[in-house]
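Right, one structure below, let's go through it.
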Amino acid sequence: QVQLVESGGGLVQAGESLRLSCAASGRTFTMGWFRQALGKDREFVASISWSGGSTYYTDSVKGRFTISRDNAKNTAYLQMNSLKPEDTAVYYCAASLVTKTTTNDGRLFGSWGQGTQVTVSS
């Protein structure tokens, strides 16, 4: 497994933007972002294939969030625009060493970061 370190969370107002980063200690295949709001289950946000050529988003973030990666730096990003209060959650980066395609199945991700808090005020 690889170690993942997220950064970039914070407190913003509705409509503003944040960019999350996830640095991996080694090479990974598919990478993804999940989030967990207080009192709710963890949910899938976005994933990106090993090559970066394919991306997959949950419906609630389509058109607002963009996932990307830089394999030379073993880093994935989540650009979040037009943030809404309902986006408030702890965001977790995840990496898979078993699949190279996009997926929303958390069971395929064997490495997880510690999480970074994103809070959006109205």
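We did not get these values from a lab; they are worked out from the coordinates using the rules stated. Please read all numbers here as calculations on a predicted model, not as lab measurements. Here Cβ is always computed from backbone atoms with ideal geometry, including for glycine, and neighbour counts include all displayed protein chains.
Please compute one quarter of the surface area of the Cα convex hull for segment 8-85 and express it in square nanometres. List each step's numbers first, then the result.
Values: hull surface 22.1 nm².
In nm², the orientation-averaged hull projection of segment 8-85 is 5.5.
Can you tell me the order of 68-77, 41-50 when each peptide is scored by its average per-residue count of other Cβ atoms within 10 angstrom, highest first?
41-50, 68-77
Taking the highest mean first, how do the peptides 17-23, 105-111 order by number of other beta carbon atoms within 10 angstrom per residue?
17-23, 105-111
Run the dipole for the chain about the Cα centre, Lys and Arg Cβ at +1, Asp and Glu Cβ at -1, nothing else charged, and hand back the magnitude in debye, nearest 20.
Numbers: 12 positive and 9 negative charges, 53 e Å.
So the dipole magnitude of the chain works out to roughly 260 debye.
Give me the number: length gained by fully extending Ser7 to Ser60, i.e. 0.36 nm times residue separation minus the C-alpha to C-alpha distance, one decimal in nm. Don't skip to the answer; put the middle values down first.
Numbers: separation 53, 0.36 × 53 = 19.08 nm, distance 2.23 nm.
Extra length available between Ser7 and Ser60 comes to 16.8 nm.
Can you list the lysines whose alpha carbon sits under 22 Å from that of Lys40, skipping same-chain ones fewer than 8 residues off?
Lys62, Lys84
Could you go through segment 50-66 in sequence order and give the Karplus-derived ³J(HN,Hα) for each residue, using 6.51 cos²θ - 1.76 cosθ + 1.60 with θ = phi - 60°, rounded to whole Hz, and x for Gly and Pro?
Result, rounded to whole Hz: 4, 7, x, x, 10, 10, 8, 10, 6, 4, 5, 10, 4, x, 10, 9, 9.
Given contacts defined as C-alpha pairs under 8 Å and at least six residues apart, what's the relative contact order of the chain, whole-number percent?
With pairs under 8 Å counted, the relative contact order is 37 percent.
Does anything in segment 1-44 have its amide N under 18 Å from the 7 Å Cα→Cβ label point of Thr101, and if so which residues?
In segment 1-44, the label zone of Thr101 (backbone N under 18 Å from the point 7 Å along Cα→Cβ) covers 29-32.
Which whole-Hz ³J(HN,Hα) couplings does segment 107-122 yield from phi under the Karplus relation 6.51 cos²θ - 1.76 cosθ + 1.60, θ = phi - 60°, glycine and proline marked x?
Each residue of segment 107-122 in turn: 5, 8, 9, x, 10, 9, x, 7, x, 9, 7, 10, 10, 10, 8, 8 Hz.
What are the residues whose amide H is under 5 Å from the amide H of Tyr56, where those residues sit 5 or more places off or on another chain and H is modelled from the backbone?
Result for Tyr56 returns Ser47.
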